[in-house]
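Below is one structure, written out as structure tokens; comments come after it.
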Protein chains: 2
Amino acid sequence: MLAPHQHRFLILADGQFGPLTSKTANSCIRYFPERIVAVFDRVTAGQTVRDVLGFGGSIPVVGDFARGLALGASAVLIGIAPMGGQLPPEWRGWLKAALERGLEIWSGLHTFIADDPELGSLARAQGVRILDVRKPPPELPIADGRAAEVDPYVILTVGSDCNVGKMTAQLELRDELVRRGVRARFVATGQTGIFIEGWGIAVDAVVADFVAGAAEQLVLQGAVDADVVLVEGQGSLIHPGYSGVTLGLLHGSCPDALILCHQATRDYIGDYHGREPWVRIPPLAELVEIYERAAAPVRPTKVIGICLNTFDMTEAGARAAVAQAAADTGLPATDPVRFGAGALAEAIVREAVATR
Amino acid sequence: MLAPHQHRFLILADGQFGPLTSKTANSCIRYFPERIVAVFDRVTAGQTVRDVLGFGGSIPVVGDFARGLALGASAVLIGIAPMGGQLPPEWRGWLKAALERGLEIWSGLHTFIADDPELGSLARAQGVRILDVRKPPPELPIADGRAAEVDPYVILTVGSDCNVGKMTAQLELRDELVRRGVRARFVATGQTGIFIEGWGIAVDAVVADFVAGAAEQLVLQGAVDADVVLVEGQGSLIHPGYSGVTLGLLHGSCPDALILCHQATRDYIGDYHGREPWVRIPPLAELVEIYERAAAPVRPTKVIGICLNTFDMTEAGARAAVAQAAADTGLPATDPVRFGAGALAEAIVREAVATR
């Protein structure tokens, strides 16, 4: 357990702080704003976090890293994910300055900062921790179906694309289910979820043969003393770069049900660093079919609800999009951040009881 | 390039030498028997390789590792893949003995032998190489569709399960196409293919986010001066442990066509270290649909032929199975090892010309 509640963070999001470009930063701001002293970004410096994201209150955005360090943080949290995950050279100076002041580094990059000779030895010399939360645990198993045998009702979020709200949907559902007295457990499968929850495995950083095994191990851990296990989804079955991670997670976690997540205004798979949009996102009903068919040969499951991300729409537009998604799929739909997760939580309780 | 043709190998296959249990050993024996001095296996010791496998001639199986070392090998090749890929403790003594005699170690295990403190430093002291061919290259890209833009006709083998002949099908097709004057290039995506061909990437050992990127990079490399690129497939979309690797390879390699491989007598996915059979293999026509549907949202492709593995059937049974597979799918079918790859090679040339 990482104990994020014991820290105060300076978030590094230089050059990329924005609603769609700083996913890790934004989710940390949404789920533990009281622990964030500032965001470092030279582009939006001078504004507040709410000015940039539409939420997050008066947390300042600073354009000078040293000034950010002076605001009382105990750790620097890396809040953006450069394509490929490599450590940009400019960051080295900032991270050295942080370590020299005794601040921990919390990173979810594919490049492990503790393995960097200069930064790693500086951390050891200073006696401070570098937490590379994407580093997988040793000795993961090959999946063999044990996740199907746990008692709780297991739900996995799946999506039309990366960065559409698969983690947020589960966190909102968890909170809503807990309010209703259900022992709901969130299972983090990515770096941001681990930052928020304090444990988990970033399955996209696991050696490919062991992705399903990692998912299985997480479900077994999450199932202890739980009624409902909410597994954070990753990627998309139609994402050319990350689809393998998605399928490994789907087959390894053996979910009883899926919740399909989508950003209502998105028509094409994103994330193509400068290349033309290429993969068109099919209609929601077709996505439901794609996921159910992919799961079926291993263990049948079904989509039981839709979570739309409508952050960039008007209130009326968002309501219409949610109604349309429900009509198109015949499933309960909501934007859990904007309209709450009540309807979906009800559907989950109903399904979980019906199948147990 | 590893230059396997410059070596003579002692193959380590202790306790697992057999038609279905020593996949790497068997393929090396099939494709470079003249370079193999002996197989080490205490169970089948005293027999010849042909006694055990049905092919491979008079290569001896020895039950004493030291005796095997004395037969003139220049390298030990690890020919079996323990579940999970860990280095069994008993092997340590054998590998030390080999290194002490100056033999190289060729390994495709997930556990990198060169990283073992004792064996690694012994190899350095002796000035001999340990080749961990499953170790991925640094700096792999995230796939972004460039494999779709190469000039050659790209074919990927896909399968009903692991260990059904996806690599062998491509090697047989390569040889048949080359005989017909086609510049056909085999692209290895697993440790055995790398042993045989001397280059490639074991995509199942790549960090999950980069599987599709590794496949893309391999296709770009294989495409140079080639008319047809034959990509070795991995796993199966319906294998609970490895399906993610399969989907990453499918989306990353952007194949123009697929060849579906199946072992005719297999009804269930194997590889469950002691657990009950669980995932039933659907009919071939359904598998064709599963693969074509999984590819379609990213880049449509189609199955153009069937390769059956009939090693455990009578000649008449094998002919009937091949005819049935062709009838069930409406596609050309063969067992390329038993009946040759001629019909499939013709289909490939026809398709490649028609689409270029």
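The values are calculated or read from the model by the stated rules, or taken from the named source; none is laboratory data. This structure is a prediction, so every number in the text was calculated from the model and none was measured. Heads up, the Cβs are rebuilt from the backbone with ideal geometry, glycines too, and the neighbour counts pull from every protein chain shown.
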- prompt: Has the stretch A:270-278 got any residue that is among the basic types (Lys, Arg) and either over 20 Å from the mean Cα position of the chain (by Cα) or within 13 Å of another protein chain (Cβ to nearest Cβ) (or both)?
  reply: yes
task: Considering only the stretch B:108-149, state which residues are of a type in the set (Ser, Thr, Tyr) and not in a helix (DSSP H, G or I).
output: B:Thr111
Filter result for A:Glu216 (away from every other protein chain (no Cβ under 11 Å) and modelled with pLDDT of 95 or more): no
message: Any residue at all in the stretch B:311-322 that's modelled with pLDDT under 95 and of a type outside the set (Phe, Trp, Tyr)?
response: yes
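A quick yes/no check of all residues on (1) crowded, with 16+ Cβ neighbours inside 10 Å; (2) touching a helix residue (DSSP H, G or I) at 6+ places or on another chain (Cβ under 6 Å); (3) of a type outside the set (Ser, Thr, Tyr):
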site: B:Asp267; (1), (2), (3): no, no, yes
site: B:Pro277; (1), (2), (3): no, no, yes
site: B:Glu286; (1), (2), (3): no, no, yes
site: B:Tyr291; (1), (2), (3): yes, no, no
site: B:Ile304; (1), (2), (3): yes, yes, yes
site: B:Cys307; (1), (2), (3): yes, yes, yes
site: B:Arg319; (1), (2), (3): no, no, yes
site: B:Leu331; (1), (2), (3): yes, no, yes
site: B:Ala343; (1), (2), (3): yes, no, yes
field: Options B:Ile113, B:Ile142, B:Ile105: the member that is farther than 20 Å from A:Val207 by Cβ and among the hydrophobic types (A, V, I, L, M, F, W, C)
entry: B:Ile105
- prompt: So, in the stretch B:134-159, of the ones that are under 30 Å from B:Tyr268 (Cβ atoms) and more than 10 Å from every other protein chain (Cβ to nearest Cβ), which residue ends up surrounded by the fewest Cβ atoms within 10 Å (Cβ to Cβ)?
  reply: B:Thr157
Criterion (in contact (Cβ under 8 Å) with a residue 60 or more places away in the chain, within 20 Å of B:Cys28 (Cα to Cα), aliphatic (A, V, I, L, M) and assigned to a loop (DSSP other than H, G, I, E, B)) met by exactly one of B:Leu77, B:Leu71: B:Leu71
query: From the list A:Val211, A:Val229, A:Val224, A:Val288, which one is within 8 Å of another protein chain (Cβ to nearest Cβ) and of a type in the set (Val, Ile, Thr)?
result: A:Val211
query: If we keep just the residues of the stretch B:291-332 that are part of a helix (DSSP H, G or I) and touching an Asp or Glu at 6+ places or on another chain (Cβ under 7 Å), which is farthest from the other protein chains (Cβ to nearest Cβ)?
result: B:Ala318
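Return yes or no: is A:Leu171 in a loop (DSSP other than H, G, I, E, B), at negative phi and surrounded by 20 or more Cβ atoms within 10 Å (Cβ to Cβ)? Spell out how you get there, then give the answer.
On the way: in a loop (DSSP other than H, G, I, E, B): no; at negative phi: yes; surrounded by 20 or more Cβ atoms within 10 Å (Cβ to Cβ): yes.
Here the answer is no, as A:Leu171 does not meet what is asked.
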message: Whether any residue in the stretch B:66-88 is surrounded by 14 or more Cβ atoms within 10 Å (Cβ to Cβ), among the small types (Gly, Ala, Ser), touching a strand residue (DSSP E or B) at 6+ places or on another chain (Cβ under 8 Å) and within 12 Å of chain A (Cβ to nearest Cβ) is what I want to check.
response: no
- request: Give me the pairs, please: first residue somewhere in the stretch B:249-265 and within 13 Å of B:Ile155 (Cβ to Cβ) and within 14 Å of chain A (Cβ to nearest Cβ), second residue anywhere and surrounded by 24 or more Cβ atoms within 10 Å (Cβ to Cβ) and not hydrophobic (A, V, I, L, M, F, W, C), beta-carbon distance under 6 Å, and either six or more positions apart or on two chains.
  value: B:Leu249/B:Gln234
- prompt: Which ones in the stretch A:187-205 are of a type outside the set (Val, Ile, Thr) and either part of a loop (DSSP other than H, G, I, E, B) or surrounded by fewer than 24 Cβ atoms within 10 Å (Cβ to Cβ) (or both)?
  reply: A:Ala188, A:Gly190, A:Glu197, A:Gly198, A:Trp199, A:Gly200, A:Ala202
- prompt: If you scan the stretch B:232-246, which residues turn out to be touching a residue at least 24 places away in the same chain (Cβ under 8 Å) and either within 20 Å of B:Ile259 (Cα to Cα) or more than 7 Å from every other protein chain (Cβ to nearest Cβ) (or both)?
  reply: B:Glu232, B:Gly233, B:Gln234, B:Gly235, B:Ser236, B:Leu237, B:Ile238, B:His239, B:Tyr242, B:Gly244, B:Val245, B:Thr246
- prompt: Which of (1) outside the structural domain of A:Ala341 (by TED's automatic domain parsing); (2) in contact (Cβ under 8 Å) with a residue 40 or more places away in the chain is the odd one out, the single condition A:Glu139 does not satisfy?
  reply: (2)
